[in-house]
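Scroll down for the structure; my scribbles are underneath it.
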């Protein structure tokens, strides 16, 4: 029954994608305006649905961090609305000419952006993904099959109902947004086998989920990778600036993938910098772990294990390592990091440029918090995920990353000799 239901929804989404493929920008924007109206008019019912999920989360003993990711309130719904409004303002990538070539034989060749087709999205916890992902897919001409986590089932059902009502408002098929309502994990396995109907799968969730999907999917996968993000404080850093950046990157919202999980500090400034930043982190409730050199400066901290250097905490925990300069910092990040987002704080331009060139991550920063790795902050309106792989996209994925290309060739009777 589950396999049949998933196959049916995937087929409906595929059929609807044919309508969206050449849907004019004006109509897609009208759809997004309808989504905004529905979000605002349905706010009380939406928050009531979210309360059901929060009550279930409390009964199940869900952690404070995961509960925060699950929670909706008026402010967060308005942030959703703003995200949709920002996507409306963005240029539609579909039909954009990427490249033009005129061959000696007179053939006129254009490389043109087209939708990917039908996108399957498997995600956990955060209900805002339902809106962000659907809106980006729809604006870029893709239908979408959604499978959210069981912890947000009531909220996601209501959000999908909002999206499907908006589709009806503008006369588009409701199959443009399909949703797998069962929380049975067999649905994920079934979804991964729908290569006949799905063009790509985009997972957002734990590394365990992503590894499972990569291993078992018959559909191409673009993975939203985990965020083992680093801030390196160089010996030349402005320490006041460094303290603000470290604190923001760790504490501002620790439950998200672009929060800093590791702090690397140059040995020459460790004794001066670490006590001041540690005091501030501790006051914010952050548990500090460190290597033996950090432990010699910060007495009483927990000694980090080898597994700490690769771990994404998603919580008020940070591990500190004292390094022997820029080369050591870059080497550590490239070895242990998840290639998501990493930052250097420095006043030495050459150190900043080397860091940007040599750290192999989707987003690299000089003198700024890793918390900016986000579709909204990058001006993409929203994001469907942050890819840490190198094909087909890398970094925050917006509208352009949800398109492919095709060659359009115009001739006047040419034949190949």
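The values are calculated or read from the model by the stated rules, or taken from the named source; none is laboratory data. No experiment lies behind these values; they were computed from the predicted model shown. Here Cβ is always computed from backbone atoms with ideal geometry, including for glycine, and neighbour counts include all displayed protein chains.
Observations on the structure shown:
- Of all residues making up region 178-208, the number that are touching a helix residue (DSSP H, G or I) at 6+ places or on another chain (Cβ under 8 Å) and either at pLDDT below 95 or under 18 Å from residue 124 (Cα atoms) (or both): 18
- Note on region 15-26: residues that are closer than 17 Å to residue 136 by Cα and in contact with a helix residue (DSSP H, G or I) (Cβ under 9 Å, 6 or more places away or on another chain) amount to 6.
- Scanning region 211-244 for residues that are within 19 Å of the chain's Cα centre (by Cα) and closer than 17 Å to residue 145 by Cα, we see that the one that is surrounded by the most Cβ atoms within 10 Å (Cβ to Cβ) is 224.
- Of the residues 204, 185, the single one that is without any contact (Cβ under 8 Å) to a residue 12 or more places away in the chain and either in the same structural domain as residue 18 (by TED's automatic domain parsing) or within 24 Å of residue 161 (Cα to Cα) (or both) is 185.
- Segments classed as strands (runs of 3 or more DSSP E), wholly inside region 27-131, with at least 3 members that are over 16 Å from residue 141 (Cα atoms) and either touching a strand residue (DSSP E or B) at 6+ places or on another chain (Cβ under 9 Å) or not assigned by TED's automatic domain parsing to the domain that holds residue 176 (or both): 97-102, 108-115
- The one condition in (1) touching a residue at least 40 places away in the same chain (Cβ under 8 Å); (2) more than 30 Å from residue 85 (Cα to Cα) that residue 305 fails to fulfil: (1)
- Residues of region 289-303 satisfying the condition of being touching a strand residue (DSSP E or B) at 6+ places or on another chain (Cβ under 8 Å) and in a helix (DSSP H, G or I): 292, 293, 294, 295, 297
- Checked against the criterion of being within 27 Å of residue 253 (Cα to Cα) and at pLDDT 95 or above, the candidates 121, 101 yield just one match: 121.
- Condition met for residue 284 (at pLDDT 95 or above and surrounded by fewer than 20 Cβ atoms within 10 Å (Cβ to Cβ)): yes
- Taking region 62-103 as the range and being closer than 25 Å to residue 314 by Cα and without any contact (Cβ under 8 Å) to a residue 40 or more places away in the chain as the test, the residues that pass are 64, 67, 71, 73, 74, 75, 77, 78.
- Residues being crowded, with 24+ Cβ neighbours inside 10 Å and farther than 24 Å from residue 263 by Cα - total across region 376-397: 4
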